[in-house]
1. What percentage of the solvent-accessible surface of the chain, computed with a 1.4 Å probe over protein heavy atoms, is contributed by carbon and sulfur atoms?
2. Report, to one decimal in Å, the Kirkwood hydrodynamic radius for the range 1-159 based on all distinct Cα pairs.
3. How far is helix 120-134 tilted off the main Cα axis of the chain, in degrees rounded to 10, range 0 to 90?
4. For Asn170 and Ser49, FRET efficiency with R0 = 41 Å and r from the beta-carbon atoms, rounded to 0.05?
5. Working from Cα positions, state the angle (0 to 90°, nearest 10) between the long axis of helix 11-20 and the longest principal axis of the chain.
6. Can you give the charge dipole size of the chain about its Cα centre, rounded to the nearest 20 debye, using +1 on the beta carbon of Lys and Arg and -1 on the beta carbon of Asp and Glu?
7. Need the full-extension length gain, Ala20 to Thr118, defined as separation in residues times 0.36 nm minus the C-alpha distance. One decimal, nm.
8. What spacing in nm lies between the two simple spin-label points modelled at Asp93 and His144, each 7 Å away from Cα in the Cβ direction?
Amino acid sequence: MLIHPWDAAADDEALAFVRANEFGHLVASGRDREVPVVVPTQFLVTGESAIVLHLARPNPIWAAIEENPMVVLSVAGDWAYVEGAWKALPGTDEEPGLGVPTTYYAAVQLVCRAEIVTDADGVLEILRAQLARLDGGLADPREHSRRLPGIRGLRLAVQKINGKFKYGGNVDEAHRRYVADRLAERDGPGDAAARGHVLRRTSSSEAG
């Protein structure tokens, strides 16, 4: 994806976003395919550069991973439409009707090397880790031993982190804060999260 310098995220910022949004799209290109295999999935970040997940055995992504273990895990969210009129500050000669609208969003793409896990103990380890994070009150997944052959696990070793936080980093503080105020007023789906990123990154740039 295109990442301008003012939108670029540090690795720790990007990974923090991924940890807070552990659902994304796993993309496997395989070899000599017309299109890649794209699978929406829940996952778990288990360390600084490790991710685990599980998928059904009939999933078409397994063949693509066997052809080529390099995959991309894509996570995007916290998006909000920014109206064109919000680009014009009151009390200036800027024309609201000439403002250029945009969309604010965060996106992280993790380039990973995938390892397929087929042994029962390995799959159970992944399931236990995911359940501990999401639903710790359930019985041990070994109780579903008949169903275990129907799934396979994945371990992803992160090789590269591409993070983009498109929240008005190309404009000055006054314009960013004006947009932040408009997001607070509108208070639609995604507006609060986007506003938080605008203010956080504005404060960070001021401190820097």
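1. Values: 5900 of 11220 Å².
About 53 percent, which is the carbon plus sulfur part of the accessible surface.
2. Details: mean 1/r = 0.0554 Å⁻¹.
It works out to 18.0 Å.
3. Approximately 30 degrees, to the nearest ten.
4. Working: r = 30 Å, r/R0 = 0.74.
Working from the Cβ atoms, E equals 0.85.
5. In the chain, helix 11-20 runs at an angle near 70 degrees to the longest axis.
6. Working: 23 positive and 29 negative charges, 124 e Å.
Roughly 600 debye for the chain.
7. Details: separation 98, 0.36 × 98 = 35.28 nm, distance 2.78 nm.
The Ala20-Thr118 span can extend by a further 32.5 nm.
8. Going from the Asp93 label point to the His144 one covers 6.6 nm.
The values are calculated or read from the model by the stated rules, or taken from the named source; none is laboratory data. Keep in mind that this is a model prediction, so the values were computed, not measured. As a convention, Cβ positions derive from the backbone with ideal geometry for all residues, glycine included, and neighbour counts pool all protein chains shown. All accessible areas refer to the heavy atoms of the entire protein, side chains included, with ligands and DNA or RNA removed. Shrake-Rupley method; radii C 1.70, N 1.55, O 1.52, S 1.80 Å.
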